[in-house]
1. Counting other beta carbons within 10 Å of each residue's own, what order do Y324, Y252 fall into, fewest first?
2. What is the order of D407, D181, D335, D141, fewest Cβ neighbours within 10 Å to most?
3. Taking the DSSP beta bridges in the range 276-431 as the whole, what percent of them are antiparallel, to the nearest 5?
4. Using only alpha-carbon positions, what ratio does the radius of gyration of the chain give when scaled by 2.2 N^0.38 Å?
5. Over all directions, the average projected area of the alpha-carbon convex hull for the range 306-393 comes to how many nm²?
6. Grab the other residues whose beta carbon is less than 12 angstrom from that of W444, score K and R as +1, D and E as -1, and report the net.
7. Net charge near V292, counting Lys/Arg +1 and Asp/Glu -1 over other residues with Cβ under 12 Å of its Cβ?
8. How far apart, in nm, are two points set 7 Å out from the Cα along the Cα-to-Cβ line at S45 and at R67?
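Read-outs throughout are calculated quantities, based only on the coordinates presented, and are distinct from any laboratory measurement. Note that this is a predicted model, so its numbers are computed, not measured. Cβ placement follows ideal geometry from the backbone for every residue including glycine, while neighbour counts extend to all protein chains displayed.
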Amino acid sequence: MKPPLLAALNTGLPDASAIADAVRGGSRTAVDVLAEARAASAGASSLNAFITEDWDAAERAAADLDRRRAAGEALGALAGVPFSVKDVIAVAGLPVTAASPAFARTVATTTAPAVQRLLDADAILVGKTNCPEFAFGMTCDSPLLGRTANPRFPETTPGGSSGGEAASLAAGISALGVGTDFGGSVRWPAQCVGIAALRPGLEAISGDGQVPGAGGNFGADGTIPAAGPGMQGAFQTIGPMARSVRDLRTAYLVMSGLADAGTVTTADRPGARKLRIGWTDGAPLGPVRREVTALMERLAGRLAAEGHDVHHNPELLADCLPSYNTLRAVDPMLDHAAAVAGLEHKVTAANLQTITASLAAPRSDVEQAWRAAQAARAAAVENITAFDVVLLPVAGGPASDPDGQLDIDGRTVEGWEIMGHCRAVTLTGCPAVSLPVALSAEGWPLSVQVVTGPGGELAALDFAAQLEMLGL
């Protein structure tokens with residue numbers, strides 16, 4: 001029997017759960033685990049995955065962890081797990097650049113709560129990863145560092161905007177990643193390299209510590225609050241990326257504060273039960289390859305054969321994408337404008353234009369766009385909560401090329417058009433797991449989104465764990 005696809009894609013790379021079990025049990029030392037991660041980083045320097053590496057501090061943390069274990073202390077749920085953080089999230093004492101030359105010398109004076117909880121669970125931070133400037137992009141090209149490569153499928157992008165995180169995990173450097181997701185920025189990179197990711201629902205994990213924060217704050221006064229009240233502040237979430245669904249679950253429980261820093265148990269997990277499942281190939285959200293439609297049909301058939309109550313609902317999220325796109329175009333990016341004031345000459349022209357243009361829309365247009373978005377969101381949440389689980393692709397095809405172009409059955413699509421499936425889910429505010437379930441004609445991963453209603457993170461993760469084991 002062939003192994004599940006996610007495991008096959010990550011063959012030879014232990015997941016975070018295995019690492020933590022070994023370190024807590026004493027069969028491996030944290031120092032040895034970290035040495036392997038550092039060697040992997042040295043061998044993959046051409047990937048351009050990291051903006052900042054912090055191996056000396058990581059080695060001190062690993063040595064301290066081994067000392068504590070030898071002294072008989074209980075270790076945390078993520079003991080010895082090397083992890084990395086996207087560089088739009090603050091970690092005290094390390095640069096927080098948002099991948100922009102405008103902030104290349106900025107050092108954070110606070111740590112995002114989601115990151116601090118991982119540290120408290122004895123995970124070991126190895127560095128900050130590359131992304132597009134201000135995380136504005138679906139590939140991973142930074143004016144500060146350059147382009148990040150895909151370590152598994154070099155003809156393709158590792159995705160964006162959490163592309164550095166995806167590349168580090170796929171290359172065997174970090175075993176857990178912390179990204180952000182506004183329009184698919186953990187879900188799409190996870191597909192591109194063949195890992196899993198969770199976009200949690202709104203407010204499930206603290207968003208404090210993202211940059212720019214309210215008023216453009218980069219942490220100079222000791223704090224970085226949550227992003228401001230605009231669209232990005234309302235809908236962008238911090239979420240984990242990993243090599244297994246069980247790792248996502250542990251990371252979510254720790255990062256959300258639902259578990260303390262000790263060992264996370266799985267005693268509260270429900271057993272498998274028959275579910276009401278809705279699905280769509282997402283064709284109303286953008287071009288979809290025939291092989292992706294066939295994949296969704298095959299998956300639906302397999303789930304029905306397993307006894308689930310499966311329903312095809314093509315228009316499930318159709319109103320969400322145009323509402324997302326309209327609001328994104330007119331919503332004032334006040335945090336970013338405040339952050340770059342006086343530094344405009346150091347910001348890429350395209351991004352400066354995006355920020356400037358967002359401030360020009362009439363207030364009436366912004367208010368109308370918000371009303372339409374909230375109406376579309378309410379209708380979509382009602383549709384989603386009619387089911388236990390909703391399934392749709394991450395995108396209409398596999399990873400794009402490094403320039404952001406993708407062939408969809410002879411038609412070239414590019415940029416944000418590829419991200420429609422993810423953007424639509426973002427507007428619902430619901431949790432979504434990205435999980436590879438098949439390979440494209442080129443042999444590249446094709447992932448599905450497992451979506452549940454508000455507050456359904458654990459339900460989404462539990463169903464994704466079942467899909468992880470379901471061969472197609």
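1. Numbers: Y324 31, Y252 26.
By the 10 Å Cβ count, ascending, the order reads Y252, Y324.
2. Numbers: D407 16, D181 29, D335 25, D141 22.
In increasing order of surrounding Cβ atoms, one gets D407, D141, D335, D181.
3. Values: 4 of 11 bridges.
Looking only at bridges with both residues in the range 276-431, the antiparallel portion is about 35 percent.
4. On the way: Rg = 20.8 Å, N = 472, 2.2 N^0.38 = 22.8 Å.
After normalising by residue count via 2.2 N^0.38 Å, the value is 0.91.
5. Numbers: hull surface 32.6 nm².
Seen from a random direction, the Cα hull of the range 306-393 projects 8.2 nm² on average.
6. Values: positive: R152, R289; negative: E155, E291, D401, D407, E442.
Residues near W444 contribute -3 overall.
7. Values: positive: R289, R290, R298; negative: D281, E291, E297, D409.
Counting the neighbours of V292, the net charge comes to -1.
8. The answer from the label model is 3.0 nm.
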